[in-house]
Amino acid sequence: MERSELEARGYLVRPGFIDLHAHLREPGFEDSETIASGARAALRGGFTTICAMPNTEPAIDSPGLVTEVITRGRAAAAARVLPIATITRGRAGRELADLIELSAAGAVAFSDDGSPVDDAQLFRHAMEYARTKDLLIIEHAQDMGLSGRGVMHEGVVSARLGLPGIPSAAEETAVARDISIAEMTGARLHLTHVSTKGAIASIRDAKARGIRVTCDVTPHHLSMTDDWVAGSRAFAWEREPSLAPPATPYDSTTKVNPPLRAWSDVRALWEGLADGTVDAIATDHAPHASVRKDVEFDQAAFGISGLETALLLVLGGVAAGLTDRDTVIRALTTGPAGILGIPVPNDDWIAIDPDVEWTVTADALASMGKNTPLMGRKLRGRVVCAVVGGEVRYEGGLRGATPVGSR
């Protein structure tokens, strides 16, 4: 079906989205996700290109492993899969990986995500090394000493629940350090899943001073607060009581890193989107097998499965007046493309049915990871067609159409 025909029938037709940050778990954790299952789930969320993070087992720190990710991504015949390789060998934070060799093999950026490079001198060397070829360093900004054994945002809610907290300062001090090193080296720095008001302020200031820094925020940090750990299911912009029934406190599907923050932080993220401080929206899709999530909160793995619900969460914020739809679409398309230094492919596009309602259930999700606090929630809008390279890779819900790739 042609794009013009879909638009005439009331569908929103937009360029395919680009996700800077997704965990596809392969190799090593195929019980949680595979490259193929993650790439299929991406299409259902409107993402025609996804960047695979390297915290696998083994970590993506050699050209052979980069090539393997590319090969498996192509074999999936779903969303495009671009590999991100490690900054340090084995993500151990002791010696640099060969960034130039990894780039030549096809790595589009470098990150030790989940294991921030604590050694400031080593991080400086990584930035200087990257600067020689204008490579992109993506940093999970977190002071692990300040984070300690924290499992959620440190604040009133964590005190009430008796859970150890991760203070905002753990992110904000790391962001300040990373920006200083970016300024010193002149290298490109991308700060991923930024979650606090203070971090946004630092990034805004750095950009005003001409430092080469970009950042992304996640749909769950834009839509949920730390109250969700206590059982609330009200979206951040719902100042009145939500129609959604409350959930049981200590639900491990709300355990993420960085943690869900306070309303003031959420508001700052939306303000950053509106004024251009935030360059992109990235899912930080983190699927887990049930054995890693269906345990006590403090023992559970961090992460939300988010590829298939990302668009609908941010459109909820648009409907609430927090920003306009064009700003969100830019943050899902030209924003991430500019960070990666790639064009938005003209022959990648999606169609969205903005009015259809559907309920989030395990069967409704293509991802192997069912760890989302949205389970059982009714959402409005859904991607019904995804085209990659001019080829229809997914159809589901188009009226009168035979589903393609909807398994």
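Data table
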| quantity | calculated |
| --- | --- |
| Complete set of residues in the range 266-275 that are farther than 19 Å from residue 207 by Cβ and open to solvent by less than 10 Å² (accessible area, probe 1.4 Å) | 266 |
| Filter result (farther than 28 Å from residue 180 by Cα and either open to solvent by 60 Å² or more (accessible area, probe 1.4 Å) or touching a Phe, Trp or Tyr at 6+ places or on another chain (Cβ under 8 Å) (or both)) within the range 152-161 | 156, 159, 160, 161 |
| Condition met for residue 261 (open to solvent by 40 Å² or more (accessible area, probe 1.4 Å) and of a type outside the set (S, T, N, Q)) | no |
| Only listed residue being more than 18 Å from the chain's Cα centre (by Cα), of a type in the set (Ser, Thr, Tyr) and loosely packed, with under 13 Cβ neighbours inside 10 Å, chosen from 359, 323 | 359 |
| Hits in the range 204-239 (condition: under 18 Å from residue 332 (Cα atoms) and either among the acidic types (Asp, Glu) or touching a Cys at 6+ places or on another chain (Cβ under 8 Å) (or both)) | 216 |
| Selection from the range 76-89 of residues that are open to solvent by 10 Å² or more (accessible area, probe 1.4 Å) and closer than 21 Å to residue 287 by Cα | 76, 77, 80, 81, 82 |
| Matching option when the condition is more than 23 Å from residue 328 (Cβ to Cβ), assigned to a helix (DSSP H, G or I) and open to solvent by 10 Å² or more (accessible area, probe 1.4 Å), among 182, 169, 247, 201 | 169 |
| Sole exception among (1) buried (at least 21 other Cβ atoms within 10 Å of the Cβ); (2) aliphatic (A, V, I, L, M); (3) out of contact with any strand residue (DSSP E or B) (no Cβ under 6 Å at 6 or more places or on another chain) for residue 189, by number | (3) |
| Residue 212 within 26 Å of residue 17 (Cβ to Cβ) and open to solvent by 10 Å² or more (accessible area, probe 1.4 Å) | yes |
| Any strands (runs of 3 or more DSSP E) falling wholly within the range 1-94 and containing at least 1 residues that are more than 19 Å from the chain's Cα centre (by Cα) | 12-15 |
| Checklist (1) in contact with an Asp or Glu (Cβ under 6 Å, 6 or more places away or on another chain); (2) under 21 Å from residue 382 (Cα atoms); (3) open to solvent by 10 Å² or more (accessible area, probe 1.4 Å) applied to residue 34, failing item | (2) |
| Hits in the range 126-144 (condition: open to solvent by 10 Å² or more (accessible area, probe 1.4 Å) and more than 19 Å from residue 260 (Cα to Cα)) | 128, 129, 131, 132, 133, 134, 135 |
| Candidate set: the range 110-125, residues that are out of contact with any helix residue (DSSP H, G or I) (no Cβ under 7 Å at 6 or more places or on another chain) and not in a loop (DSSP other than H, G, I, E, B); chosen: the one least open to solvent (accessible area, probe 1.4 Å) | 122 |
| Every residue from the range 95-109 that is buried (at least 16 other Cβ atoms within 10 Å of the Cβ) and part of a helix (DSSP H, G or I) | 99, 102, 103, 105 |
| Pair list, Cβ under 6 Å, 6 or more apart: the range 280-303 residue in a helix (DSSP H, G or I), other residue among the β-branched types (Val, Ile, Thr) | 298/151 |
| Candidate set: the range 304-345, residues that are assigned to a helix (DSSP H, G or I) and polar (S, T, N, Q); chosen: the one farthest from residue 255 (Cα to Cα) | 334 |
| Test: residue 355 is farther than 27 Å from residue 301 by Cα and acidic (Asp, Glu) | yes |
| Condition met for residue 265 (over 20 Å from the mean Cα position of the chain (by Cα) and either assigned to a helix (DSSP H, G or I) or hydrophobic (A, V, I, L, M, F, W, C) (or both)) | no |
| The range 119-138 residues that are of a type outside the set (Asp, Glu), paired with ones that are assigned to a loop (DSSP other than H, G, I, E, B) (beta carbon under 6 Å, 6 or more apart) | 123/117; 126/87; 127/187; 130/187; 131/186; 131/187; 138/111; 138/192 |
| Among (1) touching a Pro at 6+ places or on another chain (Cβ under 9 Å); (2) open to solvent by less than 10 Å² (accessible area, probe 1.4 Å); (3) not aliphatic (A, V, I, L, M), the one test that residue 226 misses | (2) |
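The values are calculated or read from the model by the stated rules, or taken from the named source; none is laboratory data. Since the structure is predicted, the reported quantities are computational estimates derived from the model, not experimental observations. All Cβ positions, glycine included, derive from the backbone under ideal geometry; neighbour counts span all protein chains shown. Surface areas here come from the heavy atoms of the whole protein model, side chains and all, with no ligands, DNA or RNA. Shrake-Rupley method; radii C 1.70, N 1.55, O 1.52, S 1.80 Å.
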